[in-house]
Structure formats: C-alpha cells, structure tokens
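Have a look at the structure below before the remarks.
What follows is calculated from the coordinates using simple rules that are stated; it is not laboratory data. Only a predicted model underlies this, so the values are computations on that prediction, with no experimental measurement involved. Don't worry about glycine lacking a Cβ; one is built from the backbone with ideal geometry, like all the others, and counts go over all protein chains shown.
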Amino acid sequence: MKMTSENDVRVNGKFKNRMEAKDGSFGFDFEGVYDKVELFKELAYSMTDGRKVSTVFTEKDGKTTLSTVFDAESENEVEVQKQGWQVILNSFSNYVESKN
C-alpha cells in the first residue's frame, strides 16, 4: 500500500493520510483531529465523519501492546473493518521493529 501523510500530533492537531493500493486500483483519504495525546499512553481522535478512535499503548516486561477501539462505519461489515485496522497495526509494528 502506498501512503502519504501530514500529521500534527497534538490536541486539536490535524492529520491527513492518503492510502492507496500498490497497483493504484483503489485509494482513500483518512483524516481527522486529535482529541487526546498522552505520550507513550494514548492517542485519540475524531475522524471527519464524526467517528471516534482511541489507541492505547500498554507496556509490560519491556514489550508494548497496542489496542485500538474504533467506531465502525456503516458501508462495510465490522469484520472487514477490523481486518483493515489490523493490517495498519501490523504495518506499524513491522516498521517499528525494523528500526531497532
């Protein structure tokens, strides 16, 4: 997946991400405003359609676990949306682990 991003990580800061398939067959903009920014603990934001998302970072035994809770949209089945969020989290995890 190709991606471009603008990100102002602070309360009331805005983000805008453009995600596209590598072959260009589909893409979408993902944007919103941060409601809560607590370093190393939680990021919460509202998307432009009013849905809310919260990602909590939990550290245990030197490892960090991410948990994301999101308001589902009505166009796609919830399970499909969960899979999409999991792909994003897996990509983030792979990126972070490759930097160590």
Item to check | All positions within region 31-49 that are over 13 Å from ASP8 (Cα atoms), assigned to a strand (DSSP E or B) and in contact with a Gly (Cβ under 8 Å, 6 or more places away or on another chain) | outcome: SER46, MET47
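For region 20-30, what are the residues that are in a loop (DSSP other than H, G, I, E, B) and either among the acidic types (Asp, Glu) or under 13 Å from VAL9 (Cα atoms) (or both)?
Keep residues of region 20-30 that are in a loop (DSSP other than H, G, I, E, B), which gives 21-26.
ASP23 - this is the single residue of region 20-30 that is in a loop (DSSP other than H, G, I, E, B) and either among the acidic types (Asp, Glu) or under 13 Å from VAL9 (Cα atoms) (or both).
So which residues in region 1-17 are within 12 Å of the chain's Cα centre (by Cα) and surrounded by 12 or more Cβ atoms within 10 Å (Cβ to Cβ)?
Applying the first criterion (within 12 Å of the chain's Cα centre (by Cα)) to region 1-17 yields 5, 7, 15-17.
Passing the criteria: PHE15, LYS16, ASN17.
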